[in-house]
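This report concerns only the one structure given below.
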Amino acid sequence: MPIEFATLADLFAHGFDTVIDVRSPAEYAEDHLPGAISLPVLDNDERARVGTIYKQESPFLARKLGAALVFHNAARHIETVLKDYEGGWRPLVYCWRGGQRSGSFTWMLGQIGWRADSIKGGYQTYRRLVYRALYDGRLPFRAVLLDGYTGTAKTDLLHLLKQRGVQVLDLEGLAAHRGSLLGDMAQPQPSQKGFESALVGAFLDLDPSRPVVIEAESSKIGERIIPPALWEVMKAAPRIEIAAPIEARATYLARAYDDILSGGDRLRDRLDPLRAHRGHAVVDGWGALIVAGDKLALTRALMEQHYDPSYDKSRRAIGAEVLARVTTDRLDTPGLDHVAAEIERIVEGWAG
């Protein structure tokens, strides 16, 4: 019988050796349980073909074709990916709604002798639990936001804090975006559902009795929306502000965003929509610095004429509590190590 899970905590503590997603590759790519491997029993085209026959011809014909494809693909997985698993292996299988795809694959694995089981309700059960946690529930941890002007190395500081044992939540890493106009990363952003799965997976590692440090963000990171339960925690959180001279910030940004600042035409296209907010003369000035290849001057101009004014306006609107302010003249490795140590001291004092 499929296993019924009432909470995310129960599901994530399933106790099985491997979680297997047998949905199509497209379904898996949009979202899946954290840590699940993809062993589709119908590929994208096969799933579409079976669905079309079901709707347009006959449910019986669709089930017959689907069964043949499922067992053919399952046999291939057993001969390849699963060929080295020992007899005591315990897999947990799921499909879209806990129906025939996961049921058939689980049955086949069980016939071999593996102690396989499936999730009652499949992915839809998991998705309901995620939605309940992020949209209808309250998160059980306290946060401190790491704030400051663009270029104050907040993401680097998060990583240093994690190395020091401070509890952190790296939203930009989970969203695959650096949280600004220049924020694209090499990999595409996950889907909204994928981002939310990454969040709940990260929450599992958090100790509710300890504060978690999160970089201050707007309600969106690139195209991904911060879910309401987390956004409420962030809005209520006090902030630690990082302050550094604009010269240090410009140098840091020129180094950290070198890939994007080297983009030429692509960078100009990205900045062009700001004409409506900053005016043609300002944006044309940025364009001239791009052509000249003066990355240091460009980052300084972007901060003075765009990022800093936007930050000031946003902070006036939020009016958040400032727990402490850490000032540094250096954003190189020694300077960031010193700032991270100071933040750690502040967070530990606040937690106590």
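The values are calculated or read from the model by the stated rules, or taken from the named source; none is laboratory data. Predicted, not measured: the structure shown is a model, and the values here were computed from it. Here the Cβ positions follow ideal geometry from the backbone for every residue, glycine too, while neighbour counts run over all protein chains shown. Surface areas here come from the heavy atoms of the whole protein model, side chains and all, with no ligands, DNA or RNA. Shrake-Rupley method; radii C 1.70, N 1.55, O 1.52, S 1.80 Å.
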### Summary
Per the filter on segment 275-289, residues open to solvent by 20 Å² or more (accessible area, probe 1.4 Å) and part of a helix (DSSP H, G or I) are R275, A276, H277, R278, H280, A281, V282, D284, G285, A288, L289
### Query
Which condition does T327 not pass, out of (1) touching a strand residue (DSSP E or B) at 6+ places or on another chain (Cβ under 6 Å); (2) surrounded by 13 or more Cβ atoms within 10 Å (Cβ to Cβ); (3) not basic (K, R), if it passes all the others?
(2)
### Message
Cβ contacts < 6 Å: first residue within 18 Å of L145 (Cα to Cα), restricted to segment 321-350; second residue among the hydroxyl-bearing types (S, T, Y) and not in a helix (DSSP H, G or I), any location; separation 6+ or different chain. Result?
### Response
V339/T328
### Query
In the list V22, V81, V70, which residue meets the criterion of being touching a Leu at 6+ places or on another chain (Cβ under 8 Å), among the aliphatic types (A, V, I, L, M) and open to solvent by 50 Å² or more (accessible area, probe 1.4 Å)?
V81
### Candidate set from segment 151-169 (those that are among the basic types (K, R) and in contact (Cβ under 8 Å) with a residue 60 or more places away in the chain); member that is most open to solvent (accessible area, probe 1.4 Å)
R164
### Message
I want to confirm something. Restricting to segment 295-314 and keeping residues that are without any contact (Cβ under 8 Å) to a residue 24 or more places away in the chain and closer than 25 Å to A237 by Cα, which single residue is most open to solvent (accessible area, probe 1.4 Å)?
### Response
K313
#### Entry: Which listed residue, of R275, R268, R316, is basic (K, R) and in contact with a Gly (Cβ under 9 Å, 6 or more places away or on another chain)
R268
### Query
Is there a residue being within 18 Å of the chain's Cα centre (by Cα) and basic (K, R) anywhere in segment 153-161?
yes
### Summary
Taking segment 107-126 and the residues there that are open to solvent by 40 Å² or more (accessible area, probe 1.4 Å) and in contact with a Lys or Arg (Cβ under 8 Å, 6 or more places away or on another chain), the one that is farthest from I225 (Cα to Cα) would be R115
### Message
If the requirement is being closer than 30 Å to Y131 by Cβ, surrounded by 15 or more Cβ atoms within 10 Å (Cβ to Cβ) and in contact with a helix residue (DSSP H, G or I) (Cβ under 7 Å, 6 or more places away or on another chain), which of these qualifies: A229, A237?
### Response
A229
### Message
For segment 190-264, give me every one of the helices (runs of 4 or more DSSP H) that falls completely inside it and has 1 or more residues that are closer than 12 Å to L169 by Cβ.
### Response
192-203, 228-236
### Task
Keeping to segment 38-64, report how many residues are in contact with a Phe, Trp or Tyr (Cβ under 9 Å, 6 or more places away or on another chain), among the aliphatic types (A, V, I, L, M) and open to solvent by less than 60 Å² (accessible area, probe 1.4 Å).
3
### Task
For segment 1-111, please list each of the helices (runs of 4 or more DSSP H) lying entirely inside it that holds at least 1 residues being within 24 Å of the chain's Cα centre (by Cα) and free of Cβ contacts under 8 Å to residues at least 24 places away in the same chain.
8-12, 25-30
### Summary
The residue from E342, E321, E348 that alone is of a type outside the set (A, V, I, L, M) and open to solvent by less than 70 Å² (accessible area, probe 1.4 Å) is E342
